[in-house]
Amino acid sequence: SQTIHQWPATLVQPVGSPLSLECTVEGTSNPNLYWYRQAAGRGLQLLFYSVGIGQISSEVPQNLSASRPQDRQFILSSKKLLLSDSGFYLCAWARDSYGYTFGSGTRLTVV
Amino acid sequence: QKEVEQNSGPLSVPEGAIASLNCTYSDRGSQSFFWYRQYSGKSPELIMSIYSNGDKEDGRFTAQLNKASQYVSLLIRDSQPSDSATYLCAVNRNNAGNMLTFGGGTRLMVKP
């Protein structure tokens with residue numbers, strides 16, 4: 001069966017510090033991978049998606065970046081965090097048209 | 001006009017009642033439709049998918065799709081306090097591959 005792992009679960013980082021969030025998928029190959037952010041009480045905002053190794057599409061211009069170094073690994077990064085980067089970050093994978101499966105999420109608080 | 005619209009709620013129903021959650025979408029060529037449940041502080045989980053007009057039942061949940069009206073709904077029968085959550089409608093737009101567009105979600109409160 002397919003599983004998706006996302007870590008860390010919570011993170012408190014100072015403004016200006018770097019960020020690295022990792023997401024890995026098991027039990028499938030060549031998944032479409034997505035990074036979403038959900039601000040408190042708000043909907044899901046698509047940040048990045050990837051259809052293959054090294055292929056990244058950005059939906060929202062900001063100080064975040066994403067990389068896909070391996071087929072089942074998706075990384076979200078920032079060189080310098082802003083207060084506005086606080087939120088609940090979700091990784092998701094999809095294959096065919098059967099909907100997404102989300103990871104457990106990372107709650108990021110920038111202080 | 002938003003691509004996927006939901007009433008943000010909260011929708012409050014008594015325990016045992018039927019909860020009706022609604023969603024409209026703008027892309028007439030949309031192919032696949034999904035309902036996710038998100039408990040506070042948790043990630044969304046897929047509870048229903050529907051691909052053709054009509055009703056699809058799974059336990060206490062029924063998804064209804066009307067492509068002509070661009071409308072999808074979720075009915076929850078015999079609502080329980082444990083159903084209290086935010087329900088997200090998601091649509092796979094035409095020619096968008098596996099990309100889903102999410103509505104803002106409806107918060108459901110089931111009162112004992």
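At-a-glance table
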{"read-out": "Interface size B-A, as summed buried accessible area [1.4 Å probe, Å², nearest 100]", "value": "1400"}
{"read-out": "Surrounding net charge for B:Lys67, when Lys and Arg each add one and Asp and Glu each subtract one, Cβ distance under 12 Å", "value": "0"}
{"read-out": "Sulfur and carbon atoms: percent of accessible area, chain B [1.4 Å]", "value": "45"}
{"read-out": "Net lengthening on full extension, B:Gln70/B:Glu3 (0.36 nm per residue, minus Cα-Cα)", "value": "23.0 nm"}
{"read-out": "Fraction in percent of alpha-carbon pairs per bin - 10 Å, the range B:1-65", "value": "16, 48, 32, 3"}
{"read-out": "Surface accessible to a 1.4 Å probe, A:Tyr98 within the full protein complex, Å²", "value": "150"}
{"read-out": "For the range A:52-57, Karplus couplings with θ = phi - 60° (6.51, -1.76, 1.60), whole Hz, Gly/Pro x", "value": "x, 4, x, 9, 10, 10"}
{"read-out": "Distance between the range B:17-75 and the range A:4-51 - C-alpha centres, whole angstrom", "value": "25"}
{"read-out": "Trypsin sites (Lys or Arg not before Pro), loop per DSSP, at most 12 other Cβ atoms within 10 Å - longest free stretch of chain B", "value": "B:29-112"}
{"read-out": "The protein assembly as shown - share of DSSP beta bridges that are antiparallel (%, nearest 5)", "value": "90"}
{"read-out": "Semi-axis lengths (Å, descending) of the ellipsoid that matches the C-alpha gyration tensor of the range A:1-44", "value": "25, 15, 10"}
{"read-out": "Dipole magnitude of the protein assembly as shown, debye to nearest 20 (Cβ charges: Lys/Arg +1, Asp/Glu -1, about Cα centre)", "value": "380"}
{"read-out": "Translational diffusion coefficient (Stokes-Einstein; Kirkwood radius from C-alpha pairs) of the range A:37-95 at 37 °C, 0.692 mPa s, in µm²/s", "value": "265"}
{"read-out": "Phi to ³J(HN,Hα) by Karplus 6.51 cos²θ - 1.76 cosθ + 1.60 over the range B:36-53, Hz, x for Gly, Pro", "value": "10, 10, 10, 6, 4, x, 10, 8, x, 10, 6, 10, 8, 10, 8, 10, 10, 4"}
{"read-out": "Mean projected area (nm²) of the alpha-carbon convex hull when the protein assembly as shown is viewed from all directions", "value": "12.4"}
{"read-out": "Qualifying GluC sites (Glu not before Pro) in the range B:9-96, DSSP loop, other Cβ atoms within 10 Å at most 15", "value": "B:Glu15"}
{"read-out": "Percent of alpha-carbon pairs separated by more than 17 Å within chain B", "value": "50"}
{"read-out": "Point-to-point label distance, A:Ser65-B:Asp27, nm (Cα→Cβ direction, 7 Å offset)", "value": "2.9"}
{"read-out": "Net charge dipole size for chain A [Lys, Arg +1 and Asp, Glu -1 on Cβ; Debye, nearest 20]", "value": "240"}
{"read-out": "Partners for B:Lys111 among lysines (Cα-Cα distance below 28 Å; same-chain residues under 8 apart left out)", "value": "B:Lys42, B:Lys56"}
{"read-out": "Rg/Rh for the range A:1-81, where both radii come from Cα atoms and Rh is the Kirkwood radius", "value": "0.96"}
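The values are calculated or read from the model by the stated rules, or taken from the named source; none is laboratory data. Here the structure is a predicted model, which means the values were calculated and not measured. Every residue, glycine among them, receives a Cβ derived from its backbone with ideal geometry; neighbour counts consider all protein chains shown. Each accessible area value is taken on the protein alone, full model and side chains, heavy atoms only, with ligands, DNA and RNA left out. Shrake-Rupley method; radii C 1.70, N 1.55, O 1.52, S 1.80 Å.
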